[in-house]
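The values are calculated or read from the model by the stated rules, or taken from the named source; none is laboratory data. It should be emphasised that the depicted structure is a prediction, and the values quoted were computed from it without experimental measurement. With ideal geometry, Cβ positions are generated from the backbone for all residues, glycine too; neighbour counts draw on all protein chains shown.
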Amino acid sequence: ACTGSPDAGGASASASAETQAPAADTSGADKTADEAGDSNYKIAVVPKLIGIPYFTQTGDGAKAAGDELGVEVIYTGPSKADAAEQVKMIEDLIAQGVDAIAVAPNDPAAVVPALEKAKNAGIVCLDWDAPVDNETLIDASIHQIEDKEFAEHSIDMLVEAMGDSGDYAILTGSLSAPNQNLWIDYAKTYAAEKYPNLNLVTDPIPTEEKQQEAYSKTLDLVKAYPDLKGIVGYATVCPLGAAQAIREKGLQDQIAVVGTAVKEDAQEFIEDGSLDIAFLWNTQDLGALTVKVAKYLLDGNELSSDMTIDGFPDISVDGNVVYLGPPEDYTKDTYK
Amino acid sequence: MKAFKTLKEKYANELTLACIFIAVFIILGILAPDKFLTAYNLGSMMSQMPELGLLSLGMMAAILTGGMNLSICYIASLSGIFAAYVLSSDFAATNVGAGIAAAIGVAMLAAVITGLINGGVIAYIGVAAMLVTLGTMTLFQGIATNITQGGAISGFPEEFMALGGGNVLGIPVPMLIYIGAIIAAYLLLERSAWGSRVYMTGCNETAARFSGVNTKATVLKVYIFSSVMAAIGGLIMISRYNSARVDYGSSYLMMSISAVVLGGTSIMGGHGSVIGTVIAVGIIQIVTTGLNVLGINRYLIDIIIGAILIGVLAIRFLSKKLSDRNLVKARTVKADVQSNTI
Amino acid sequence: MQTFLEIDHISKTFPGVKALSDVHFDIYPGEVHSLVGENGAGKSTLIKIMSGVYQPDEGGTIKINGKETKIHNAMDAIRQGIAVIYQDFSLFGNLSVAENIVINQMIEKNRQVLNWKEIRKKAAEALRIVGADISPSETLENLSVAKQQMVAIASAVAQKAQMIIMDEPTSALSTTEVETLYGIIEKLKAENIAVMFVSHKMDELFRISDRFTVFRDGQYIKSCKKEEIDRGGLISLMVGRKIEFDSLANPVQKSEVVLEVSHLSKKGNFKDISFTLHKGEILGITGLVGAGRSEMVQALFGLNRPDSGTVKIDGRETHIDNTWGAVDAGIGYIPESRQTQGLVLDKSVAENIALPQLKKYTGKFGFVNRKKQKETVGEWVEKLDVRPRNEELLAMQLSGGNQQKVVLAKWIATDAKILIVDEPTNGVDVGAKSEIHKILRQLADRGTSLIVISSELPEVLAVSDRILVMRRGRISGEFVNKDLTQELIMDKAVVS
Amino acid sequence: MIKSLVKKREFTIFMIVVVIAVVIAISNSVFLRADNIIDVLKSNSVIGIMALGMLPVLISGGIDVSVSSTIALCAVISGKLLTVSGANLFAVLVVSVAVGAAVGLANGLIISKLKISPIVATLGTMSIVLGAVLYWTNGEWITNLPEDFKNFGTTTVAGIPIQVIIFAALIAITALVLKYTLVGRGVYAIGGSASSAVRVGYNVNKIQTLIYVFTGMTVGLAAVVHTSIVQQVDPNTFTGLEMDVIACVVIGGASTMGGSGSVTGTVLGVLLMAIMKNGLILARIPTYWQDIVVGLIIVVAVSIDVLNRNREQEKLVRVDVEE
Ligand SMILES: Nc1ncnc2c1ncn2[C@@H]1O[C@H](COP(=O)(O)OP(=O)(O)OP(=O)(O)O)[C@@H](O)[C@H]1O
Ligand SMILES: Nc1ncnc2c1ncn2[C@@H]1O[C@H](COP(=O)(O)OP(=O)(O)OP(=O)(O)O)[C@@H](O)[C@H]1O
Ligand SMILES: [Mg+2]
Ligand SMILES: [Mg+2]
């Protein structure tokens, strides 16, 4: 049993969706009941880690939404992308007595026991940026985008930049980053069947989430694989580091670089052609949507495919999953 | 009275730490009685502490010999991963008890092997511990990444969750395991013959060897001990996070070293106490949790921890200096009295 | 005539120990003034005060050339013209011999940029003066204890000081080096340099000193000219009682052979060593420093693996390739360097004594019986009269001689059946020395077989039943200790 | 001549570097191409510079784990200076080095005056400084550095990148200081025996403080060099860097117990790590095996080094035996 008393544990463990759901909205209900009048909830938004641009921006979005809705948003996370640290933060947040916790899990399974504690404490649980692998536990799951779709999009962009045949390599933040691994798997299979002439030269190259590493690894790559025609990077530092190496070697025309990057950071490289296409969902929106859905649930509402969140016209809902919408592509035109 | 006084001298450092611990605890209690002092929070702190605690005990043993174990975090995750493979196997699914037992066995086996690698190269080849474990840190990480392909292993039998999440008489199981480990560590390091060999070897390896101490075996065992502590920590982690991954607890390395030195263990080896380390871990735990609960910015917490580290050691140094001076003063006075009477 | 240095009412208190109380000392240029006293009398402490390593308690004055001064740190002392040869050398094992010799001059002259050619030249010169053949470029830690001592001497002499303090400079040396040292001291006197000399060896004290000052338990007892006093008088001043030196040799042939070494060789260490050791016998091994005695016995103790030859214990051939193996085989070794090999300096006397025989105090679950340990240790501290008699003190806080007693205690306590003792009274005071000799003899009478290495011929003659002489790694002579003279032995020891 | 070379402590590690280099070169000739070697040197100049700064610390028996935080601080400050105030390169360099020196001074004083063991002191400053940096910047990158600075970053002299030249210059300086100055020898003396160093008249506290100030200054320099390569400042990018740096120095033969260590060795250590990283991809070793390979090479390399040294010690003649 994962929780205080075995029976409670048993319940939460064997809980089916039905027994779970009422639990969820009653808890939501009491909240609204006893906090009637001042609906200022405490919503905790926990990123994988703090202090990197991507999660700083999602944080800005979340806080902005908080001000807009008049709820208190606590945006805090570990200073390293370490599941252990993250679980501790969640446990401490429960102690702090928040009304909702939205977590971007460093590991889909690791946070489950902690979230079960949260559930038992009557806290509304959401995940965002990456899914927690326990639907019964999660009241709402905010996906920036459908992973498979995103992975396939990245390959399409690569092909658009390098053509549909030739050698390409993959850069990733770290070999143990779950959602990047997920994308890479989808991408590899998709590329294999849709573009048979694409040739992945080696396993994904890890870059310790550091632009410096992406830069020097790319320098090595282009020498190790002289026929390399494309590089796709799946962490926001990768395309930038790669582009920088390409620019330095003056290979803009031989080698195409695409990948996920924050709009502002990508600008200079895209403008000088060393980075061909960057794509990412709107990071602020992701944070904002998370907070707004949390509030929506705290107010006692149920998720439904016809629900509306103001400011987010084109969200789609499927079960307890809320999709932010298609990613934005950044090309030369973007910065015109 | 006298006994108490000698006790006070002997454990001056531990007493200081204990006072700090209590002081911090009280302050936090006053600042956030409704959050910090809740049964829930105390419970969650008790289930959080063992991870760092066990790694710190393992680190301490290595540091006692004048060494260091930089690979300790990856020993924890590697043994956790091996255990996870057993736990997620069909075998464990069908017959749970045996599965869990096997998993623990496998983790311990991994611990012994990693310990033999570290200890063997350090003791029998004579390479500086820092260097060896620097290498094995990368090596073990590499192995863990390789066999998991960077992914997570999950799907353990419910019963295994008890290890990290269960309670006995309201005390979290991890805490109970931790207490057991503390007692074991105390008996082994501070009461057993091997323990005193460890301390003496840590102070002066040559003299120990010239005294017929099998310093090689002594050091080898230290690194096995270190690995075992790490592995227990690893088991608790995978149970708490009901999955295993290479980077679990990777942020504990510097923290465990800090805890050990904060606990009064000399980095040159040969001096330090289990209880000191334990209290130091406690201090770090309540400070981080307390400030988290108060909603203090994560970075400020890092700053505060750093400040505590330096502050405590500064106090330790200054107070020692002071007490020495007083001792000398007392002596001089006494001496004068005598010379007058003569 | 004007004293070079004059000290009055100086006291020094350490946490736990009052090392000096209200002592007086003065020395004239061109004088050799010996400071004598038992172990722990406070000699080294006074020296460290003169050289700025320790600060004395308040009150008390230090005058140099008549002017009152304070010596805040080593630099002050060096600037005031005081050079020191410390009891524990205070050299740098990781640096070259040359650098060890010249470094303090460089600092004194505050030469920020170094000229290595010059440094090597100076060092070679200094080594020549002290007549030591050591390569200036050798790394110090590769040198023998004895050679390190010569380096320390060379460094002090090279300093061109007005006063040189020598704290037991001969304890690691043997006859020939000692003679050269005496020569150096004569030269220094001629150059009107004051020499403060500390030693426990009576004959050398009376040979070179002009004046004595006696300390006892940190108190100033008396100063007097050499002419005014004889050995007995000096000793009783130091110890406060009489001490008799009768030979303890007992050269009757013993039957039972416990140790038989045949044709033991190791390249660059020793060659073709063969000898036997009988039950209850004391076998003395002497020779010039560098003869390889320690290397040889260290081979018996598993510290130094021989290339060829056999070792039989109780008739059974035994291979000993590590120290714990040696201990199991019933062999104990008391090394010559107590600072690094003999003791764990920053652990308590008790822990040090207990270390080699922890097994004895260990129950079947591997836990140490503290009470039993404390008792036994207490006994030995008592028996060997370690002062101060407090087994909780750190070994570091003991005086040189008392440290040596602790090393002895820890090995005697193991009741090994073969005990190898390398320079056992190195730096031990007269009183203690005769006690140690008695203890060694008692051990032999109780059936322990001892090998005693000593560079001090009087000592070898005093304790040994048989005497081996080593020269350049080989055994060059063997004597039964009956009507032997130092000359007979030296003749075999020196390289012809 | 050759003999004395072989005797040198660094010889083993040198041979290991050579062997690995040969292996890589065989598996991929690109390795020996000038542009590759230059790339390797350039991208490792930062670690190299910091390793040279770490060397005296280790020789003196200390350690400084705060360098990774200090370089973050220096990089952020130089970045802000460059973008916000558009200060010129030289001013930025001076400020960055000064900031590094300040942190070093703090370390030095804590260690020498409060007698807090180096690893503790620097662990403390490590988390304080990094905490402060991230609290201040919130991890925000500093991009869009001024053009002239970017140009500086890509400057080459006779085809050699400016960063490599700075590294080389520092090698020379460090070597000279350690061998030919009183302070330099003091560093070794303190490492050999601090108490003896006091007795021969060294001002040990002062030298210790200087050592950490020097380290801080090299870190300040490294910060600017790093920024000039990456052309952007990411405060988070330096975490764990201290280990890489220390690894290079100790693999280069510096003892963590103090007393030994040399510039030659350190440079070899840097090269070993550098060509391994570079070679892994050139030799097309699958990524999931790279850490394993690196780990094994480190352990094996240092073991061989030690075994050789032990053999030397055994062979050492202690007594001139009469044959
Ligand atoms: N660092 C220290 N801390 C505490 N006590 C000390 C320290 N150094 C010396 N003592 C004590 O001071 C006293 C004098 O020591 P000192 O070394 O001066 O004796 P000594 O005359 O040199 O003896 P020996 O002839 O054996 O060298 C001894 O009782 C010793 O225990
Ligand atoms: N390279 C070395 N490393 C460690 N110890 C050494 C080394 N060289 C010599 N020694 C030690 O120094 C001493 C050297 O012995 P030495 O050359 O003085 O001959 P000896 O006959 O043992 O001299 P002594 O009269 O000092 O016993 C021995 O104790 C030896 O163990
Ligand atoms: Mg003395
Ligand atoms: Mg010897």
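If you go through segment B:75-95 one residue at a time, do you hit one that is modelled with pLDDT of 95 or more and closer than 29 Å to D:G61 by Cβ?
Within segment B:75-95 (the criterion being modelled with pLDDT of 95 or more and closer than 29 Å to D:G61 by Cβ), the answer is yes, since at least one residue qualifies.
What is the residue count in segment C:137-171 for residues that are away from ligand 1 (no atom under 16 Å from the Cβ), touching a Gly at 6+ places or on another chain (Cβ under 7 Å) and modelled with pLDDT under 85?
Qualifying residue count for the region: 2.
Applying the selection to segment B:188-207, what residues are within 7 Å of chain C (Cβ to nearest Cβ), without any contact (Cβ under 8 Å) to a residue 12 or more places away in the chain and not basic (K, R)?
Those that are within 7 Å of chain C (Cβ to nearest Cβ), without any contact (Cβ under 8 Å) to a residue 12 or more places away in the chain and not basic (K, R): B:S192, B:A193, B:S196, B:T206, B:A207.
Go through segment D:41-90 and report how many residues are under 20 Å from D:E242 (Cβ atoms), of a type in the set (S, T, N, Q) and part of a helix (DSSP H, G or I).
Selection size over segment D:41-90: 7.
Here's the yes/no breakdown for (1) surrounded by fewer than 24 Cβ atoms within 10 Å (Cβ to Cβ); (2) more than 16 Å from ligand 4 (Cβ to nearest atom); (3) more than 8 Å from chain B (Cβ to nearest Cβ):
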position	(1), (2), (3)
C:G330	yes, yes, yes
C:P335	no, no, no
C:G342	no, no, no
C:V349	no, yes, yes
C:R370	yes, yes, yes
C:A416	yes, yes, yes
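Given the structure, is D:I292 surrounded by fewer than 24 Cβ atoms within 10 Å (Cβ to Cβ) and within 10 Å of chain B (Cβ to nearest Cβ)?
Values: surrounded by fewer than 24 Cβ atoms within 10 Å (Cβ to Cβ): yes; within 10 Å of chain B (Cβ to nearest Cβ): yes.
So D:I292 passes the test.
Within segment C:102-123, can one find any residue that is of a type in the set (G, A, S) and touching a Lys or Arg at 6+ places or on another chain (Cβ under 7 Å)? If you could, list the steps in order and put the result at the bottom.
Filtering segment C:102-123 down to residues of a type in the set (G, A, S) leaves C:123.
Narrowing further to those that are touching a Lys or Arg at 6+ places or on another chain (Cβ under 7 Å): none.
No: segment C:102-123 contains no residue that is of a type in the set (G, A, S) and touching a Lys or Arg at 6+ places or on another chain (Cβ under 7 Å).
Quick check on segment C:208-217. Is at least one of its residues at pLDDT 90 or above, within 30 Å of C:F92 (Cβ to Cβ), within 16 Å of ligand 3 (Cβ to nearest atom) and not in a helix (DSSP H, G or I)?
Among the residues of segment C:208-217, not one is at pLDDT 90 or above, within 30 Å of C:F92 (Cβ to Cβ), within 16 Å of ligand 3 (Cβ to nearest atom) and not in a helix (DSSP H, G or I), which makes the answer no.
Residues are listed down the side, and each one gets a yes or a no for (1) away from chain D (no Cβ under 14 Å); (2) at pLDDT 90 or above; (3) assigned to a helix (DSSP H, G or I); (4) out of contact with any Pro (no Cβ under 7 Å at 6 or more places or on another chain):
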{"position": "B:A307", "(1), (2), (3), (4)": "no, yes, yes, yes"}
{"position": "B:I310", "(1), (2), (3), (4)": "no, yes, yes, yes"}
{"position": "B:L318", "(1), (2), (3), (4)": "no, no, yes, yes"}
{"position": "B:K329", "(1), (2), (3), (4)": "yes, no, yes, yes"}
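Return the residue satisfying two criteria in turn: it lies in segment C:51-78 and is within 14 Å of chain D (Cβ to nearest Cβ) and of a type in the set (S, T, Y), and of such residues it is nearest to C:V102 (Cα to Cα). Steps first, please.
Initially, segment C:51-78 is screened for residues within 14 Å of chain D (Cβ to nearest Cβ), giving C:51-55, C:71-78.
Subsequent filtering for residues that are of a type in the set (S, T, Y) retains C:51, C:54.
Working: C:S51: 18, C:Y54: 23 Å.
Among those residues, the one meeting the criterion is C:S51.
Criterion first (of a type in the set (S, T, N, Q), at pLDDT 95 or above and either surrounded by 17 or more Cβ atoms within 10 Å (Cβ to Cβ) or more than 22 Å from the chain's Cα centre (by Cα) (or both)) does B:S56 satisfy it?
Spelling it out, B:S56 is indeed of a type in the set (S, T, N, Q), at pLDDT 95 or above and either surrounded by 17 or more Cβ atoms within 10 Å (Cβ to Cβ) or more than 22 Å from the chain's Cα centre (by Cα) (or both).
Looking only at segment A:48-88, count every residue that is surrounded by fewer than 21 Cβ atoms within 10 Å (Cβ to Cβ) and of a type in the set (G, A, S) and tell me the total.
Qualifying residue count, segment A:48-88: 2.
Kindly evaluate C:V381 against the criterion of being within 16 Å of ligand 3 (Cβ to nearest atom) and under 23 Å from the mean Cα position of the chain (by Cα).
Against the criterion (within 16 Å of ligand 3 (Cβ to nearest atom) and under 23 Å from the mean Cα position of the chain (by Cα)), C:V381 does not qualify.
Does C:I134 count as more than 12 Å from every other protein chain (Cβ to nearest Cβ), touching a residue at least 60 places away in the same chain (Cβ under 8 Å), away from ligand 1 (no atom under 16 Å from the Cβ) and under 23 Å from the mean Cα position of the chain (by Cα)? It would help to see each step written out before you state the result.
Values: more than 12 Å from every other protein chain (Cβ to nearest Cβ): yes; touching a residue at least 60 places away in the same chain (Cβ under 8 Å): no; away from ligand 1 (no atom under 16 Å from the Cβ): yes; under 23 Å from the mean Cα position of the chain (by Cα): yes.
In short, no.
Here is a yes/no grid of residues against (1) in contact with a Cys (Cβ under 6 Å, 6 or more places away or on another chain); (2) within 16 Å of ligand 4 (Cβ to nearest atom); (3) away from every other protein chain (no Cβ under 14 Å); (4) more than 29 Å from C:R471 (Cβ to Cβ):
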| residue | (1), (2), (3), (4) |
| --- | --- |
| C:V130 | no, no, yes, no |
| C:V145 | no, yes, no, no |
| C:A161 | no, no, no, yes |
| C:P169 | no, no, yes, no |
| C:T176 | no, yes, yes, no |
| C:A190 | no, no, yes, yes |
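Can you name the condition, by its number, that B:M268 falls short on among (1) over 30 Å from B:T215 (Cβ atoms); (2) at pLDDT below 90?
The number of the failed condition is (1).
Every residue in segment C:82-95 that is more than 10 Å from chain D (Cβ to nearest Cβ) and at pLDDT 90 or above, please.
Within segment C:82-95, C:I82, C:A83, C:I85 qualify.
Quickly run through segment C:58-88 and pick out the residues that are surrounded by 14 or more Cβ atoms within 10 Å (Cβ to Cβ) and either within 16 Å of ligand 3 (Cβ to nearest atom) or over 24 Å from D:N203 (Cβ atoms) (or both).
C:G60, C:K63, C:N65, C:V84, C:I85, C:Y86, C:Q87, C:D88
The conditions are (1) within 16 Å of ligand 4 (Cβ to nearest atom); (2) under 29 Å from C:S44 (Cα atoms), and C:M238 fails exactly one of them. Which is it?
(1)
A:G319: under 30 Å from A:A100 (Cα atoms), surrounded by fewer than 19 Cβ atoms within 10 Å (Cβ to Cβ), in contact with a helix residue (DSSP H, G or I) (Cβ under 6 Å, 6 or more places away or on another chain) and not charged (D, E, K, R), yes or no?
no
Can you tell me how many residues in segment C:1-48 are away from ligand 3 (no atom under 13 Å from the Cβ), touching a strand residue (DSSP E or B) at 6+ places or on another chain (Cβ under 8 Å), under 18 Å from C:M163 (Cβ atoms) and not hydroxyl-bearing (S, T, Y)?
So the answer is 16.
Looking only at segment B:113-124, decide whether some residue is within 14 Å of chain D (Cβ to nearest Cβ) and free of Cβ contacts under 8 Å to residues at least 24 places away in the same chain.
The answer is yes; a qualifying residue exists.
Tell me, which helices (runs of 4 or more DSSP H) wholly within segment C:275-384 include 2 or more residues that are within 13 Å of ligand 2 (Cβ to nearest atom) and assigned by the TED database to the domain that holds C:E487?
So the answer is C:293-300.
Restricting the first residue to segment C:32-50 and requiring it to be more than 14 Å from chain D (Cβ to nearest Cβ), which pairs with a second residue that is of a type outside the set (A, V, I, L, M) and within 16 Å of ligand 4 (Cβ to nearest atom) meet a Cβ separation below 9 Å and a spacing of at least six or different chains?
C:N39/C:Q404; C:N39/C:G427
Can you name the residue in segment C:103-145 that is of a type in the set (S, T, N, Q) and within 16 Å of ligand 2 (Cβ to nearest atom) and, of all such residues, is farthest from C:S454 (Cα to Cα)? Reasoning before the result, please.
Filtering segment C:103-145 for residues of a type in the set (S, T, N, Q) gives C:104-105, C:110, C:112, C:115, C:135, C:137, C:139, C:142, C:144.
Checking the rest, the ones that are also within 16 Å of ligand 2 (Cβ to nearest atom) come to C:135, C:137, C:139, C:142, C:144.
Values: C:S135: 26, C:S137: 29, C:T139: 26, C:N142: 21, C:S144: 15 Å.
Per the stated criteria, the residue is C:S137.
Just to verify a result, which residue in segment B:125-172, among those that are free of Cβ contacts under 8 Å to residues at least 12 places away in the same chain and more than 9 Å from every other protein chain (Cβ to nearest Cβ), is nearest to B:I81 (Cα to Cα)?
By that ranking, first place goes to B:V168.
Examine segment C:274-281 for a residue that is away from chain D (no Cβ under 14 Å) and either within 16 Å of ligand 1 (Cβ to nearest atom) or without any contact (Cβ under 8 Å) to a residue 40 or more places away in the chain (or both), and state whether such a residue exists.
Looking through segment C:274-281, at least one residue is away from chain D (no Cβ under 14 Å) and either within 16 Å of ligand 1 (Cβ to nearest atom) or without any contact (Cβ under 8 Å) to a residue 40 or more places away in the chain (or both).
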